[in-house]
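Everything below concerns the one structure shown next.
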Amino acid sequence: ASPPLPRALILPRAALARPGGGAWGEPRPARGPAPAGGRARSSREHAPDARAQARAAVAMDPAEDWLVDSLRLYRDFHAFGLPGATRVLEWAGDTGVFVAGYGSPGKNEILHLTPPLRLSAKENQGLFPERDFKVCHGGFSDRPVFDLKHVPDTRLLVTSGLPGPYLQVWQFGEDSDVVRAASTIAVPEEAEGLWPRLAIFPGAAPAVLHGARLSGLRIVDLQSQKTTFTSGTGDSEALSSLQALDADSFAFCCASGRLGLVDTRRQWAPSECRRPSAAQGAGGGQWCAEVGGQGSGPHVASLCSDGQLRLHDPRDLCHPMSTVQCLVPVPSPKPELLRVTWAPSLDSCLAVSGFDGTIQVYDVSSWGGAGSQAEPLFTHKGHIFLDGYGLGAAPLVTTHTWHPQRPRTLLSAASDASLHVWDWVGPAASC
């Protein structure tokens, strides 16, 4: 028999601490169950038999139900309050994560956060004295940050946003806690409301792939700022996501659902599916996509704002391997926040967000055919219930990402500036 799982650890929404003291955000108290062997760090004490008492209650509201269930749903759960909402969560290797504000037309903070020691450990080793994210570096952008990428093995960041037809390159120092603007990269003028999507080609001469439309796609060397690739097409379809696959290829997804794989060593001739057909169940919404997965090889997962999710073999993008309907209550109210991500350390798991205040984890190994409804393996509802919003006034999840080393740990952020880190418990045979 496997050993019993440790009880969930839910902390109050803590303030982020500046280096040397002080706080970046105000703490927001939240309720939570006690960790194994200790007292709950929350605004309410929980007696040892609180779970039994709750079950014996005549009726419980959904928040109380979730609070009780969280004891078995999570191995770890930490909640924090950011200075402002973020739509980017970008790992810098496995040592920390970058967040950036998007809510102000003026000052928006860019923060490099180092995780609590408990999250840095590869195994669950009990309680640690330090339980907060720490701000390692910080700076300000004079415009909202809609996309942010760290350049691997460097101290460089690249951001895009609105307004302004340019990318901003940032540098965070080894001996300084400041994220400072280093240079800008001009981009073609784009239509109002569109901003360049980003992807990074790492290596000895790192480069950034960017574009808001197919016609504006280009690769720029970050050191020389020379353009090394352009699409050369007059196609003006708007892009929703870009992803570098290796040193010479990348994937794109257009908002229309059009998918393509591009070899940069050749003239523009992508292997692509122009757009989802009605026969494939496409409902005309907006799409995003990501290449990933393990086991039988990489797959392309594309997600529609109506909740439709398709899996493709990269060798045949026009004929989906499977098409399912995710269990979402309504179409996404902000399709630009749609996100689908493959788990880096689990064979067949992916996560989706951008429809409401939840993040859903799916196991795709059992999917087949078309038109079926997929049941999530796990649904994180902490952004709805932890601060007592209830079902009617929940914030919208703005982004999520998987931990690079801990297989079942995810980070998620929402429009109320909450940041959650959670390690979910799934069926023994899943993923």
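Out of the total accessible area of segment 132-214 (probe 1.4 Å, heavy atoms of protein only), what percent is carbon and sulfur? In segment 132-214, the share of accessible area belonging to carbon and sulfur is 51 percent. Of the listed residues TRP424, TRP195, the order by accessible area with a 1.4 Å probe, largest first, is TRP195, TRP424.
In segment 58-95, whose amide N lies under 20 Å from the spot 7 Å out along Cα-to-Cβ of LEU327? List them in ranges. So the set is 61-75. With all protein chains in place and a 1.4 Å probe, the accessible surface of segment 336-377 carries 41 percent carbon and sulfur. Size of segment 211-292: Rg and Dmax of its alpha carbons, in Å, are 13.3, 47.
In this calculation the C-beta distance from ASP221 to THR379 is compared with R0 = 45 Å, giving a FRET efficiency of 0.60. Just so you know, the Rg over Rh for segment 317-427 is 0.96, from Cα atoms, with Rh as the Kirkwood radius. According to the Kirkwood relation over distinct C-alpha pairs, the hydrodynamic radius of segment 216-263 is 11.7 Å.
For LYS149, a cut-off of 12 angstrom between C-alpha atoms picks up these aspartates and glutamates, skipping any fewer than 8 places away in its own chain: GLU90.
Against the empirical curve 2.2 N^0.38 Å, the C-alpha radius of gyration of segment 135-292 lands at a ratio of 1.08. Once you reduce segment 209-285 and segment 79-113 to the center of their Cα atoms, the two points are 27 Å from each other. Using the Cβ-Cβ distance between ALA204 and LYS107 with R0 set to 41 Å, the FRET efficiency from 1/(1 + (r/R0)^6) comes to roughly 0.70.
Start at zero, step by 5 Å, and the Cα-Cα distances of segment 281-382 spread as 2, 14, 26, 28, 20, 8, 2, 0 percent across the bins.
The values are calculated or read from the model by the stated rules, or taken from the named source; none is laboratory data. Source: prediction; values computed, not measured. Cβ sites come from the backbone with ideal geometry, for glycine too, and all protein chains shown count toward neighbours. Ligands, DNA and RNA are stripped out before the accessible areas are found, and what is left, the full protein with its side chains, is counted by its heavy atoms. Shrake-Rupley method; radii C 1.70, N 1.55, O 1.52, S 1.80 Å.
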